[in-house]
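All remarks here apply to the structure that follows.
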Amino acid sequence: MRTSTRLRQLLEQGLVFAPGVYNAMFAKLVEHVGFDAVYVTGFGTAARYGYADVGLVTQTEMVDNLRYICRATGLPVIADMDTGYGNVINLRRTVREYERAGVAGFHMEDQVFPKKCGFMEGKQVIPIEEAVQKVRAALDARADPDTVMIARTDALAPNGWDDAIRRARAYREAGADLVFMDGIRTRDELETYSRELATKGVPCLYNGVLVSAAEAQALGFKIQILAGAALAAVWASANAAMEELMSAGTVEQAMARYGVPPEGETLTDLLGVPEVYELERRYGRYETPPIAAR
């Protein structure tokens, strides 16, 4: 079964809860822990390359990252497509490249290019008429009709609720499978988003941690992504370790604070080293002793 078809099945069953990752290793971890879907963050991908999320990462860099992630997991992958990396012509190519990379779904926003992260100041949006045409172009470009197309609006911060809601409804009417209002900062804003769209027949995605997955589902949302899940954890632990190493010459406290994997679980297991050893034994290369956990 195609992962796009699987994603649509999951959407019919309830809330799709997708932790955000920015590389293939963490996609493996999301699957290993037992989630049903994975989200690839544009902010995280930009950080992976050493950039801020302000439109500096190119389409080809994002697609390259997606290719590795989609190969690393059998889960449906939902990916950030920014603005589609250009006009409707550029967008058509982007959709096809994302599908070739293996994504099951993507979201595309209505910001002026170069865009900014949804929670940054200074965002601007393109005219609604142009944004609707981009939604239609993205839908037409799909080679796989099951690929889930999510239309994101960033109009809330610069233009207010009336325009953001108008845009979300227009994108849904143009054929988007779901809509996504980004920049939700408070519980009150989330409840307005729910009341005006998610509980009124408009399938919606929520990005954030203001509520649990169960609460998000009760508010009518179909997908909840946690874009910074892996990146925030890595930043916190790595920063603590580097500060301790600089000041004390060790990482003892950081390791004690952030812990070690449960007995029998190691990074090498996650990355497939036991399978490599099994293949070596099967094909008679040599007997390899188990490696020690690091």
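So if we plug the beta-carbon distance of GLU243 and VAL54 into 1/(1 + (r/R0)^6) with R0 = 35 Å, what FRET efficiency do we get, rounded to 0.05? Don't skip to the answer; put the middle values down first.
Details: r = 27 Å, r/R0 = 0.77.
Efficiency at R0 = 35 Å is approximately 0.85.
Mind checking which of ALA27, ALA141, ALA155 has the largest fluctuation in a GNM of the chain, springs on alpha carbons under 10 Å?
ALA141
Under 19 Å between C-alpha atoms is the cut-off here; go through region 3-227 and count lysine pairs that meet it, provided they're at least eight residues apart or on different chains.
Details: LYS115/LYS123; LYS115/LYS134; LYS116/LYS134; LYS123/LYS134; LYS200/LYS222.
So the count works out to 5.
Set the Förster radius R0 to 25 Å, insert the Cβ-Cβ distance between LYS200 and GLN13 as r into 1/(1 + (r/R0)^6), and round the FRET efficiency to 0.05. The partial results should precede the final answer.
On the way: r = 21 Å, r/R0 = 0.85.
Working from the Cβ atoms, E equals 0.75.
Among DSSP beta bridges whose residues both lie in the chain, state the antiparallel percentage, nearest 5.
Numbers: 1 of 27 bridges.
Within the chain, antiparallel bridges account for around 5 percent of the total.
Kindly state, to the nearest 0.05, the FRET efficiency for ARG169 paired with ARG93, given R0 = 25 Å and r defined as their beta-carbon distance. If you can, show how the numbers build up before the last one.
Numbers: r = 28 Å, r/R0 = 1.12.
My answer for the efficiency is 0.35.
Using the Kyte-Doolittle scale, find the helices of the chain whose mean hydropathy is at least 0.5 and whose Cα atoms extend 24 Å or more along the helix's long axis, counting only whole DSSP H runs.
Details: long enough: 229-248 (29 Å, 0.94).
Qualifying helices: 229-248.
So how long is each side of region 54-129 along the principal axes, counting just the alpha-carbon atoms, biggest first, in Å?
Extents along the principal axes, in whole Å: 37, 26, 19.
Given the options VAL30, VAL38, VAL21, which has the most mean-square fluctuation in a GNM of the chain, springs set between C-alpha atoms less than 10 angstrom apart?
VAL30
Indicate, rounded to the nearest 5 percent, the antiparallel portion of the DSSP beta bridges found entirely in region 1-143. Don't skip to the end; give the middle numbers.
Details: 1 of 9 bridges.
Taking every DSSP beta bridge with both residues in region 1-143, the antiparallel ones total about 10 percent.
How many nm is it between the label spots at ARG100 and MET255, if each spot is 7 Å from the Cα in line with the beta carbon?
Computed distance between label sites ARG100 and MET255 equals 4.5 nm.
Values in this text are rule-based calculations from the coordinates and carry no lab data. Note that the structure is a prediction, hence the values are computed from the model and not measured. All Cβ positions, even for glycine, are placed from backbone atoms using ideal geometry, and neighbour counts span all protein chains on display.
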